[in-house]
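Here is the structure we will look at.
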There are 2 protein chains.
Amino acid sequence: MSLQSLLGIDLPIIQAPMAGSQDHALAVAVSNAGGLGSLPCAMLGADALRAELVAIKAQTDRPYNLNFFCHATPVSDPVREARWRAVLEPYYRAFDLDPGQLTATPARLPFDAPTAELLEEFRPAVVSFHFGLPSHALLETIRRWDCKVLSTATTVEEARWLEARGVDAVIAQGLEAGGHRGHFLSDDLTRQSGIFALLPRIVDAVRVPVIAAGGIADHRAVVAALALGASGVQVGTAFLLCPEATTSAVHRAALADGGPQHTALTNLFSGRPARGLVNRCMRELGPMNPLAPEFPLAAAAMAPLRAYCERQGSGDFSPLWSGQNPDGCRNIPAAKLTRQLAGRA
Amino acid sequence: MSLQSLLGIDLPIIQAPMAGSQDHALAVAVSNAGGLGSLPCAMLGADALRAELVAIKAQTDRPYNLNFFCHATPVSDPVREARWRAVLEPYYRAFDLDPGQLTATPARLPFDAPTAELLEEFRPAVVSFHFGLPSHALLETIRRWDCKVLSTATTVEEARWLEARGVDAVIAQGLEAGGHRGHFLSDDLTRQSGIFALLPRIVDAVRVPVIAAGGIADHRAVVAALALGASGVQVGTAFLLCPEATTSAVHRAALADGGPQHTALTNLFSGRPARGLVNRCMRELGPMNPLAPEFPLAAAAMAPLRAYCERQGSGDFSPLWSGQNPDGCRNIPAAKLTRQLAGRA
């Protein structure tokens, strides 16, 4: 079955969920254009999630995707967090911030039973997961309606693991991709590879449709991904300059700067490796730092620094998520970009 | 102009030069099949190079490629080398080898004037370089005959640098590629990216034809690379099990093992990062180790360990070069593989 038939969409284009850079508006625009819009839900509380779902329902009858995280919530480690704060303290002092200050950051929460119950009222056509899958019981809950389940694989082993647990399609996330790496079987980043190596190996290893993600910036890349055996693509970075995205001003400026746009994997902003444009804190503290607290706890101590710098118009301490090819970013309506990616414009 | 017209070949398939795993036989087989066979020359002295060239000339009238390195020869650093030997000493002792023992390893030499003079007698159709380009004077020497010059870029900046110095085509080396990374403007590996991100950006940045390299294991991938804008592809790993290759027994066994075939970049074997299958010494010492001597000096101290282990039938200390997708390796004649890659079989 084609990915379009499976998901009830016209174009094999999935807009990647991008927490912090979008709400329902981007998802609605992509779904109404015939692709699959996605709403990142991991940073939304129940009320915010409900409000977003009501907004989506009001603006489209097309299928859409809700994305959740499946990490284990870590136990806070005061010693490790104190060491990390000591690393950051010179910046707190330089910016005249109180190192004891704790800024409330939107928590990243794993998918849970109350959320699954909430979804039933809206019966989304597609739910996707990052960092594996929730429990069998939770999956059963969302399968009470005709919901398709997607999840991300960064290796052939993860793709086989997901297929064995019944996902309807696997997202093959190449190392080119922006934002958080979706690995869940091994933390060893050398096990992960570029799309040219990962995609055909996963296509050959599983029977479910495979969606290519990472570095896909234009129609050429969509054609290439389909040639490698993908049934569709998931594109994130290219949508970040669309007017429907909520991408911050410093993030937009960094993406649009026309320079070499150097990205790297960093764990500074959340505790898990994620790809973003290299900025001051990544240069000075990492980009990977073994002292950063466990995901998602690292976010808290960076928040005051980020807020301070963004008030000065600087992205020095912001997560500027981007894949390795931000050349596809253009300030055009998401519907137009969706059609261009599919070769329909 | 198509790559085929530029290089005088029938198929847009270049066999990647693979020092240590091939001689003229593989190059001749690929050239006679209509692709461009390549001879790795960096580890050949003048007599050995001449013998290889005589053998090629006797066996094909088709164009072939000679590949050379362009590194600066480092000054030996006795202190650093002593520290590295101390790191390796436990293995020397475990294998009952004399830590003072020096095994003569084939040196990796940069392209030089005597070599350029030697080439004139054979007038190869194509010369390719790794790690940048030789001096302008040396390039002028080989341009006295109608020789096309290729070199490798790992970033957009390197591609522009090479075009500005007059290369006839740029090889875009994705991070998926096996063997030595070809970077020469920056040692920062995070500046390098997968083919999906690198290839279209280089295609858009330069006017000369671009050859895609890295993770290309079958015809699907060739079609995908051409869709991304490549004029041709360079394929290495897939040829390593061909009968014409001189790939060692331990290397063949590792490539054929059918497991997950985990690769990583390592500097243990030469001093420069190169991608190979992860083996014992990469697990225990690296895969990247800041103490390893500068390229190509690191090779010397590993040689006795490698020789000892290979005599026991083990590749624990051998460079098992491989790209991130060794699934294309098959024990079939190189001519057949060349045609299959081009979709002609």
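Looking at this structure, is B:Val149 without any contact (Cβ under 8 Å) to a residue 24 or more places away in the chain, surrounded by 15 or more Cβ atoms within 10 Å (Cβ to Cβ) and assigned to a strand (DSSP E or B)? Yes; evaluated as a whole, the condition is true for this residue.
Within region B:152-178, count every residue that is more than 23 Å from A:Pro287 (Cα to Cα) and surrounded by fewer than 23 Cβ atoms within 10 Å (Cβ to Cβ). Matching residues across region B:152-178 total 7. Of the residues A:Ala58, A:Ala116, A:Ala72, A:Ala125, the single one that is farther than 30 Å from A:Gly313 by Cα and either of a type in the set (D, E, K, R) or in contact with a helix residue (DSSP H, G or I) (Cβ under 6 Å, 6 or more places away or on another chain) (or both) is A:Ala116. Scanning region A:253-281 for residues that are over 19 Å from B:Ile202 (Cα atoms) and of a type in the set (D, E, K, R) gives A:Arg272, A:Arg275, A:Arg280. Checked against (1) more than 14 Å from chain B (Cβ to nearest Cβ); (2) under 29 Å from A:His262 (Cβ atoms); (3) part of a loop (DSSP other than H, G, I, E, B), A:Ile171 passes all but a single condition, namely (3).
What are the residues in region A:220-270 that are over 25 Å from B:Glu158 (Cα atoms), surrounded by fewer than 21 Cβ atoms within 10 Å (Cβ to Cβ), within 13 Å of chain B (Cβ to nearest Cβ) and touching a residue at least 60 places away in the same chain (Cβ under 8 Å), if any? Matches in region A:220-270: A:Val223, A:Leu226.
Restricted to region B:288-308, and to residues there that are surrounded by fewer than 21 Cβ atoms within 10 Å (Cβ to Cβ) and without any contact (Cβ under 8 Å) to a residue 40 or more places away in the chain, the residue that is nearest to the other protein chains (Cβ to nearest Cβ) is B:Met288.
Does B:Arg181 satisfy being of a type in the set (D, E, K, R), surrounded by 20 or more Cβ atoms within 10 Å (Cβ to Cβ) and more than 10 Å from every other protein chain (Cβ to nearest Cβ)? So B:Arg181 fits the description; yes.
For A:Arg207, the stated conditions hold: it is basic (Lys, Arg), under 25 Å from B:Pro326 (Cβ atoms) and surrounded by fewer than 24 Cβ atoms within 10 Å (Cβ to Cβ). Within region A:318-340, take every residue that is more than 17 Å from the chain's Cα centre (by Cα) and outside any helix (DSSP H, G or I) and give me the one that is farthest from the other protein chains (Cβ to nearest Cβ). For region A:318-340, the residue satisfying everything is A:Pro333.
Residue count for region B:34-66 under the criterion of being under 15 Å from B:Leu7 (Cα atoms) and within 21 Å of the chain's Cα centre (by Cα): the result is 9. Reported count of residues in region B:33-77, each being surrounded by fewer than 16 Cβ atoms within 10 Å (Cβ to Cβ), assigned to a loop (DSSP other than H, G, I, E, B) and modelled with pLDDT of 95 or more, is 1. The conditions of being within 14 Å of another protein chain (Cβ to nearest Cβ) and in a loop (DSSP other than H, G, I, E, B) are not met by B:Asp204. Residues that are in the same structural domain as B:Phe239 (by TED's automatic domain parsing), of a type in the set (A, V, I, L, M, F, W, C) and assigned to a helix (DSSP H, G or I) do occur in region B:119-127, at least one of them.
The values are calculated or read from the model by the stated rules, or taken from the named source; none is laboratory data. Just so it is clear, the model here is predicted, and its values are computed rather than measured. Don't worry about glycine lacking a Cβ; one is built from the backbone with ideal geometry, like all the others, and counts go over all protein chains shown.
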